[in-house]
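Visitor: Pasting a structure here, questions to come.
The values are calculated or read from the model by the stated rules, or taken from the named source; none is laboratory data. Predicted model only: the values in this text are computed from it and were never measured. Cβ coordinates were reconstructed from backbone atoms using ideal geometry, including for glycine residues, and neighbour counts include every protein chain displayed.
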């Protein structure tokens, strides 16, 4: 979870248990044809390929000349997708795109099921201290969202 996120409502352990069931390798905020939003992603630490994923993600940076510098883009979201997709293709792991079906790529966290607990103040939203009403693509009923501009 990014440091520029705000927890506006409590999240239960039951929600987390259902959010990332045992058969899911990683849950992420996809953005269609663009790289994922890494303001949040979940990795199943009990999955048999978890340690390998973490090691490869780290290796991409530690051995940058043979890692990130061989990729089209060098930031965490892009590299996360490279490593995630490699695991999908090589090991047929099951991943969960938690923003699947949301129209537009702009602000997937608040428009996903995570928006009931979090706001993500990415970009200029940091200065404003919250996301904007226009960022919402789905109806949010939580008290927090009723008070945004």
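Visitor: Tell me the residue from 47, 8 that is in contact with a strand residue (DSSP E or B) (Cβ under 7 Å, 6 or more places away or on another chain) and more than 19 Å from residue 113 (Cα to Cα), please.
Guide: Numbers: 8 fails: more than 19 Å from residue 113 (Cα to Cα).
Going through 47, 8 in turn, the sole match is 47.
Visitor: Run down 83, 93 and say which single residue is more than 19 Å from residue 114 (Cβ to Cβ), modelled with pLDDT of 95 or more, in contact with a strand residue (DSSP E or B) (Cβ under 9 Å, 6 or more places away or on another chain) and crowded, with 17+ Cβ neighbours inside 10 Å.
Guide: Values: 83 fails: in contact with a strand residue (DSSP E or B) (Cβ under 9 Å, 6 or more places away or on another chain).
Answer to the selection: 93.
Visitor: Name the residues in segment 126-139 that are surrounded by fewer than 18 Cβ atoms within 10 Å (Cβ to Cβ) and at negative phi, would you?
Guide: Our first condition is that a residue be surrounded by fewer than 18 Cβ atoms within 10 Å (Cβ to Cβ); within segment 126-139, this holds for 126-129, 132-134, 136-139.
Those that are surrounded by fewer than 18 Cβ atoms within 10 Å (Cβ to Cβ) and at negative phi: 126, 127, 128, 132, 133, 134, 136, 137, 138, 139.
Visitor: Now a separate question. What pairs come out if I take residues in segment 17-30 that are assigned to a strand (DSSP E or B) and pair them with residues that are surrounded by fewer than 15 Cβ atoms within 10 Å (Cβ to Cβ) and modelled with pLDDT under 90 whose C-beta lies under 9 Å away, six or more apart or interchain?
Guide: Going by the 9 Å Cβ cut-off, the qualifying pairs are 30/100.
Visitor: Next question. On the basis of being in a helix (DSSP H, G or I) and touching a residue at least 60 places away in the same chain (Cβ under 8 Å), does residue 61 make the cut? Spell out how you get there, then give the answer.
Guide: Details: in a helix (DSSP H, G or I): yes; touching a residue at least 60 places away in the same chain (Cβ under 8 Å): no.
So residue 61 fails the test.
Visitor: How about segment 111-125: which of its residues are in a helix (DSSP H, G or I), in contact (Cβ under 8 Å) with a residue 60 or more places away in the chain and buried (at least 21 other Cβ atoms within 10 Å of the Cβ)?
Guide: 114
Listed here are the residues, each with its yes/no results for (1) within 16 Å of residue 39 (Cα to Cα); (2) out of contact with any helix residue (DSSP H, G or I) (no Cβ under 6 Å at 6 or more places or on another chain).
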site	(1), (2)
67	no, no
77	yes, yes
85	no, yes
90	no, yes
94	no, yes
109	yes, yes
113	yes, yes
122	yes, yes
132	no, yes
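Visitor: Output the residues belonging to segment 89-103 that are touching a residue at least 40 places away in the same chain (Cβ under 8 Å) and part of a helix (DSSP H, G or I).
Guide: The first filter runs over segment 89-103 and keeps only residues touching a residue at least 40 places away in the same chain (Cβ under 8 Å), leaving 91, 93-100.
Answer for segment 89-103, where residues must be touching a residue at least 40 places away in the same chain (Cβ under 8 Å) and part of a helix (DSSP H, G or I): just 91.
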